[in-house]
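This report concerns only the one structure given below.
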Amino acid sequence: MSEQMLKGVRVLDLTNVLAGPFATLHLALLGAEVIKIERPGSGDLARKLGTLTELNEQLMGTSFLAQNANKKSVTLNTKSPEGKEIFLKLVKDADVLVENFRPGVMDRLGLSYDILKEINPGLVYCAISGFGQTGPDAHKPAYDQIIQGLSGEMAVNGDERLNPLRAGFPVCDTVGGLNAAFAIMAALYHRERTGQGQFIDIAMLDSIMPLMGWVAANLLIAKREPQPMGNDNFTAAPSGVFITKDGHINIAANKQEQWESVCDVLDLPGLKSDPRFQERDIRKQNRKALTPLLEAKLIERGTQDWVELLNANGVPSGAILSLEEALKQPQIKHRQTLKDVAIDGIGSVPLFTLTAKFDQTPGDITSPPPRLSAHTAEVLASIGIEEDKLADLTARHVI
């Protein structure tokens with residue numbers, strides 16, 4: 001296998017559930033040694049989250065499996081004096097530390113960045129939280145749905161019948177994790193040039209809002225409030241979801257020539273000269289009148305027929321797949337977005353791999369999500385803790 005990009009980079013991962021583990025997953029897929037520091041006995045809360053009770057009981061819930069390939073699991077009670085001492089030894093040789101506690105928790109543990117940088121000046125310390133480390137809301141509890149509501153993201157979803165509307169997956173958590181991974185990589189690059197570590201403050205609220213850049217720009221610059229438009233694209237018409245003979249189709253005729261091709265393919269040449277639809281901005285204003293005219297033709301044939309016809313004529317279009325259909329589609333298989341990973345006691349499970357395709361330093365899943373504490377002995381041995389000491393530490397619930 002080619003050399004992995006982050007080989008030799010050691011990451012201490014104190015995170016739980018989603019935003020933090022999603023960040024460190026990307027580092028692990030690029031070859032970093034990611035050591036999950038978990039609570040003895042229970043570990044990451046995600047170990048108990050998922051729809052399969054039997055996996056939750058094994059502390060290997062589906063939510064945990066999804067985010068933790070390529071990582072090592074070490075149990076350590078950082079509240080105990082001996083656990084803290086072990087942790088500080090691990091910090092000395094670490095390159096990155098990631099945590100997603102509420103602001104102030106690491107300070108109370110005596111493990112703040114100011115203390116850790118004295119031990120390891122090159123440490124890249126990334127704190128992920130709902131609102132950031134400072135500000136009037138910094139200490140408020142934050143879950144994905146709370147951030148979706150406070151960011152304005154729910155307000156721009158849905159339509160006049162269903163609004164506000166949350167995204168169907170934890171978009172704020174995952175975007176926060178991606179933002180953290182991006183920031184950590186940038187900080188490692190800076191350290192490579194200067195030798196300096198630094199503190200990174202990632203807020204889920206900050207992270208999601210720039211994703212609404214176009215919508216926000218219309219409000220910030222043009223002073224136009226967003227209108228919930230359901231499955232329609234506010235930048236163009238016809239651009240959205242339309243009914244066909246056997247279901248629905250996405251059509252994105254975002255350019256004038258694409259609009260004219262839609263008229264040709266649907267054999268509706270008169271629409272091109274209709275004053276309600278001739279110009280892009282006027283057409284957007286009259287989309288409610290346009291849609292039924294198009295659907296009267298679209299219901300004559302099935303989705304796949306229209307997809308092939310429209311795409312062949314330069315109009316971007318596609319079926320609307322169920323999640324199962326989406327995961328099994330040939331393009332996803334070709335891209336190897338999922339990989340079957342063997343897990344002892346569970347069997348083979350499909351997990352997402354790194355979706356950035358590097359030709360020289362590809363990322364990959366090389367080890368399954370770890371059982372709780374599976375690597376405690378191995379990792380502690382690397383800082384000089386002998387095997388006979390492990391039993392004593394276990395008996396005293398330090399590990």
Modelled label-to-label distance, Leu323 and Gln304, 7 Å Cα→beta-carbon offset: nm? 2.4 nm
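Give the peptides 172-182, 269-279, 70-80, 248-258 in descending order of average Cβ contacts within 10 Å, highest first.
Details: 172-182: 23.5, 269-279: 13.5, 70-80: 21.8, 248-258: 17.9.
By packing density, highest mean first, the sequence is 172-182, 70-80, 248-258, 269-279.
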Cα-based convex hull volume of the chain per residue, rounded to whole Å³: 181 Å³
Anchor Lys357: lysines whose Cα lies under 22 Å away (excluding residues fewer than 8 positions away in-chain): Lys7, Lys71, Lys328, Lys333, Lys339
Membrane-span-like helices (DSSP H runs, Cα span along own axis at least 30 Å, mean Kyte-Doolittle at least -1.0) in the chain -> 171-194
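Going by average Cβ neighbours within 10 Å, how do the peptides 226-232, 20-26 rank, with the highest at the top? Kindly include the intermediate steps, with their values, before the conclusion.
Numbers: 226-232: 15.6, 20-26: 26.6.
With the highest mean Cβ count within 10 Å placed first, the list reads 20-26, 226-232.
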Among all the aspartates and glutamates, which ones have a C-alpha under 13 Å from Lys272's C-alpha, if same-chain residues fewer than 8 places away are not counted? Glu257, Glu260, Asp264
Quick one: dipole size for the stretch 1-93, taken about the Cα centre, charges +1 on Lys/Arg Cβ and -1 on Asp/Glu Cβ, in debye to the nearest 20. 200 debye
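Where does each of 310-323, 209-222, 144-157 land if you order them by average Cβ count within 10 Å, highest first? Each step should come with its number before you reach the end.
On the way: 310-323: 14.9, 209-222: 12.9, 144-157: 19.3.
So the order, starting with the most tightly packed, is 144-157, 310-323, 209-222.
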Viscosity 1.567 mPa s, temperature 4 °C: give me the Stokes-Einstein translational D for the stretch 239-321 in µm²/s, with Rh taken as the Kirkwood radius over C-alpha pairs. 103 µm²/s
Check the straight Cα-Cα distances from Lys284 and name the aspartates and glutamates below 13 Å, setting aside those fewer than 8 residues away within the same chain. Asp232
Within the stretch 155-181, list the residues whose amide N lies under 19 Å from a label point set 7 Å along Cα→Cβ of Met229. 155-167
In whole Å, what is the distance between the alpha-carbon centres of the stretch 197-252 and the stretch 63-102? 37 Å
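Okay, helix-only estimate at 222 nm for the chain: each DSSP H run of n ≥ 4 adds -39500 (n - 2.57), divide by all residues, round to 500 deg cm²/dmol; what do you get? Numbers along the way, then the final one.
Numbers: 18 runs with 154 residues, N = 399.
Here the helix-only value at 222 nm equals -10500 deg cm²/dmol.
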How many angstrom lie between the C-alpha centres of the stretch 120-191 and the stretch 283-330? 33 Å
Starting from the Cα-Cα distance between Lys255 and Thr355, subtract it from 0.36 nm times their residue separation and give me the gain in nm to one decimal. 33.1 nm
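Subtract the Cα-Cα distance of His334 and Asn313 from 0.36 nm times their separation in residues, and report this length gain in nm to one decimal. It would help to have the intermediate numbers written out before the result.
On the way: separation 21, 0.36 × 21 = 7.56 nm, distance 2.51 nm.
This chain segment gains 5.1 nm when fully extended.
Dipole of the chain, Cα-centred, from +1 at each Lys and Arg C-beta and -1 at each Asp and Glu C-beta, to the nearest 20 debye?
Values: 41 positive and 49 negative charges, 106 e Å.
Once rounded to the nearest 20, the dipole reads 520 debye.
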Column: log10 I(q)/I(0), Debye, Cα scatterers of the stretch 270-381, q = 0.10 Å⁻¹: -0.60
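Readers should treat all values here as calculations from the given coordinates under stated rules, not as data from a laboratory. All values reported here derive from a predicted model rather than from experimental measurement. Cβ coordinates were reconstructed from backbone atoms using ideal geometry, including for glycine residues, and neighbour counts include every protein chain displayed.
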